[in-house]
Amino acid sequence: MLLAFDTSSAAVTVALATPAGEIVASSTTVDALRHGELLAPAIAAALETAGVTPRDLTGIAVGVGPGPFTGLRVGLVTARTMGEVLGIEVSGVCSLDILARQSTLTLPVAVATDARRKEIYWALYDGPAADGSRRRLEGPAVDKPAEVAHVLSGLPVIGRGAVLYADALNVVADDVVEYPSAEVLATGVATRTLEVVAPDPLYLRRPDVTMSSGPKSVL
Amino acid sequence: MSEPLILGIETSCDETGVGIVRGQTLLADAIASSVEEHARFGGVVPEVASRAHLEAMVPTIRRACETAGIKPTDVDAVAVTSGPGLAGALLVGVAAAKGLALSLDKPIYGVNHLAAHVAVDTLEHGDLPKGCVAMLVSGGHSSLLAVEDITEGVVPMGSTIDDAAGEAFDKVARVLGLPFPGGPWIDKAARDGGDRMYVTFPRGLTSQRDLERHRFDFSFSGLKTAVARWVEAKRRDGEDVPVNHVAAAFQEAVCDVLTRKAIDACKDRGFEHLLIGGGVAANSRLRVMAEERAAAAGIAVRVPRPGLCTDNGAMVAALGSELVRSGKAPSPLDLPADSSMPVTEVLNA
Ligand SMILES: [Zn+2]
C-alpha cells in the first residue's frame, strides 16, 4: 500500500493507493495554519478507512514543494521519519508536477501557486503524453506574477496562483485546480508517471535573516 | 514490569535533540546543533534553525537508537517538546514525533520544555525532591519555579521582565568582542584572572522598593547597558578595556542576583532543595556561589551535568518517562506546536 501526502499548499491532502495506483482512501482539508495538527490524524484516518496498519505500507510519496516552508516541512519530516522506522522508500515529487497532472487539458499548461509576499511559484509543462505524464519545460521558480506573465501568457494556468493573480497572469479558465491532490500524487508514483526525486524540500528562497524578537520563549 | 522505554525529541531552538531513557536511566542523548550557522548573526535565526532540524532529524534519531542499542519498534512512547519555543522549529519536532508514534502505534506526549529542564535531573540524581525551587537560566528564559510534583505542574514564582540571563551574556560578550554564544567565553575570560570586584555593576530588581513588586523577578537589561556604557567610556578615553575584569564583574552581578533570589524563593516556600537548569547553569561562578549560599541556608543544590543542562532530547524523554510512570494520559494526534505554551502546563493534553 502506498501512502501519499502533500503539505506544500494551504491544503493538507492525504491518499492511500494500491500498488497499481487504485485509490482506497483519501482526504483533503484546506487550512493554511494547521498542517502540523491535521496531517497525522488524516493519515491515521486514511489507514483506518482502508483497514490497514502502518506495517502494511510499502512506500510513501510526498510533495517536496515549492511551498510555504513551515507547512512544507511538516510533510517532509513526517514522510522521512515514517520511512525510517517502517523501513520503506520515500519518494519525493515536485508539488507543481502534481498540479500539472491534475489538469485534464490536452494542451501545454503553466502551474502557478501562492508563494506569499505577492509572488508565485511557477513552472511550465508540455502537453500530456499517452500515459498522462507531462514533461516540465521550465521551473520551478519563484517570481512576481507581472515579471513572468509574458512567459505564462497564452497558456492555461493551474493552481492557487491562477486564482490570486488572475489579472496579472491573464487567466481565462474558470475551473482552475487550486491545490495539489494526494490522489494524483499516489497514482502518479504508483504508475511511475510522475518524476520521483529525493524527499528534500524545494525552498527556492534563502532563509530570511529575521531574528527572533522579544524575550525568546526558549531556554 | 520493566521500566518504560521513552524516546524524546527536542527542537524548540537551535539544537535537534533525540534522547532515549528507560525509566530514569539515560541510554542515549544524541544532539545536532545549528549554532555555528547562527553565530555570524549573533543570535538564532528561526528559519535557519527550522531547516537544520529537518535535515538533522532522521540522522539524529538513528544515532540515538544506535547508541541506546534499541530499535525504534522497542519504544513504548514518544515524547516531544510541544512548547514553548520557536514556532517553526517546534513544528518540525512535533511532526517528526507524530510520524514515529503513528508508525509505531505508540502514544505521544507533547511536553513543556521548561518542565523538561527540571525533569532531566532525574537522570542524574533520581526522583525529584518532594518540593523544590527550580531556577532555569538560559538564552531564552530566567525563571524561578516552585515544583512539588513535576507530572502535575509547576508554579511560576518569577521570571525576567526583560532580557534572559543568557541573552545578557551574549550581549555583553559582543560588547567585549567575545564570540557567540557569550556564556562560555565570559566564564573563561573571568576565570583567566578576572577581578570580580573591579567594578560594581548594578543588581537589577534588588532595591527594597523593587522587591515589593518583583521579589522573584529578574532584570538584566540595565546591567547590560551599564556594562556597555562603562566599556564605551573607557574606549572614548583611549584606555584599554580590561576584558577579563569586566567579564568577571558582570558575571558576578548576574550570579549574585540569581542565587540571592533563588535562595529567597526556597526560604519563602520552605523548600530545602534548589535545582538549577538551562545553559547558564554551566557557568562555573553560578555553581560555586549557589553551593556556598545554599549551604549557609541549609539548602541542597542539584545541578545536572552541563550536557544535560543545555537543550537536549534526554530531558524531554525524562519528562515523558515521569508522565508515563505516573499514568498520565497521552496527548492527541492533533497535538499542536505551541510557541507560547504556559509554564503551568506540563503536558499538552
Ligand atoms: Zn532550554
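The values are calculated or read from the model by the stated rules, or taken from the named source; none is laboratory data. In this text, all values refer to a predicted model and were calculated from it rather than measured experimentally. Cβ placement follows ideal geometry from the backbone for every residue including glycine, while neighbour counts extend to all protein chains displayed.
Identify the single condition in (1) β-branched (Val, Ile, Thr); (2) in contact (Cβ under 8 Å) with a residue 60 or more places away in the chain; (3) buried (at least 23 other Cβ atoms within 10 Å of the Cβ) that residue B:61 does not satisfy, given that it satisfies every other one. Here residue B:61 meets the rest and fails (2).
Residues in region B:252-295 that are of a type in the set (D, E, K, R) and within 16 Å of the ligand (Cβ to nearest atom): 0 in all. When the residues of region B:129-145 are filtered to those that are out of contact with any Pro (no Cβ under 8 Å at 6 or more places or on another chain) and away from the ligand (no atom under 15 Å from the Cβ), the one that is nearest to residue B:12 (Cα to Cα) is B:133.
Let's see how each residue does on (1) within 16 Å of the ligand (Cβ to nearest atom); (2) surrounded by fewer than 15 Cβ atoms within 10 Å (Cβ to Cβ); (3) without any contact (Cβ under 8 Å) to a residue 24 or more places away in the chain:
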residue	(1), (2), (3)
B:297	no, yes, no
B:303	yes, no, no
B:327	no, yes, yes
B:333	no, no, no
B:344	no, yes, no
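Scanning region B:33-42 for residues that are surrounded by fewer than 19 Cβ atoms within 10 Å (Cβ to Cβ) and touching a residue at least 12 places away in the same chain (Cβ under 8 Å) yields a total of 5.
Before we move on, is residue A:86 closer than 22 Å to residue B:46 by Cβ and either surrounded by fewer than 21 Cβ atoms within 10 Å (Cβ to Cβ) or among the hydrophobic types (A, V, I, L, M, F, W, C) (or both)? Judged against the criteria, residue A:86 is not a match. Condition test on residue B:197, is it away from chain A (no Cβ under 14 Å), away from the ligand (no atom under 16 Å from the Cβ), more than 26 Å from residue B:109 (Cβ to Cβ) and of a type in the set (A, V, I, L, M, F, W, C)? Yes, satisfied. Those helices (runs of 4 or more DSSP H) of region B:268-326 in which 3 or more residues are within 22 Å of residue B:3 (Cα to Cα) and touching a strand residue (DSSP E or B) at 6+ places or on another chain (Cβ under 7 Å) occupy B:313-325. Which one of these does residue A:98 not meet: (1) closer than 15 Å to residue A:202 by Cα; (2) surrounded by 22 or more Cβ atoms within 10 Å (Cβ to Cβ); (3) within 10 Å of chain B (Cβ to nearest Cβ)? Only one criterion in (1) closer than 15 Å to residue A:202 by Cα; (2) surrounded by 22 or more Cβ atoms within 10 Å (Cβ to Cβ); (3) within 10 Å of chain B (Cβ to nearest Cβ) is unmet by residue A:98, namely (3). Candidates A:20, A:61, A:79, A:40: the one that is at pLDDT 95 or above and part of a strand (DSSP E or B) is A:61. I'd like the residue in region B:223-247 that is without any contact (Cβ under 8 Å) to a residue 60 or more places away in the chain and β-branched (Val, Ile, Thr) and, out of all such residues, is surrounded by the fewest Cβ atoms within 10 Å (Cβ to Cβ). Out of the qualifying residues, it is B:225. Against the conditions (1) under 17 Å from residue A:181 (Cβ atoms); (2) touching a Lys or Arg at 6+ places or on another chain (Cβ under 9 Å), residue A:40 satisfies every one except (1).
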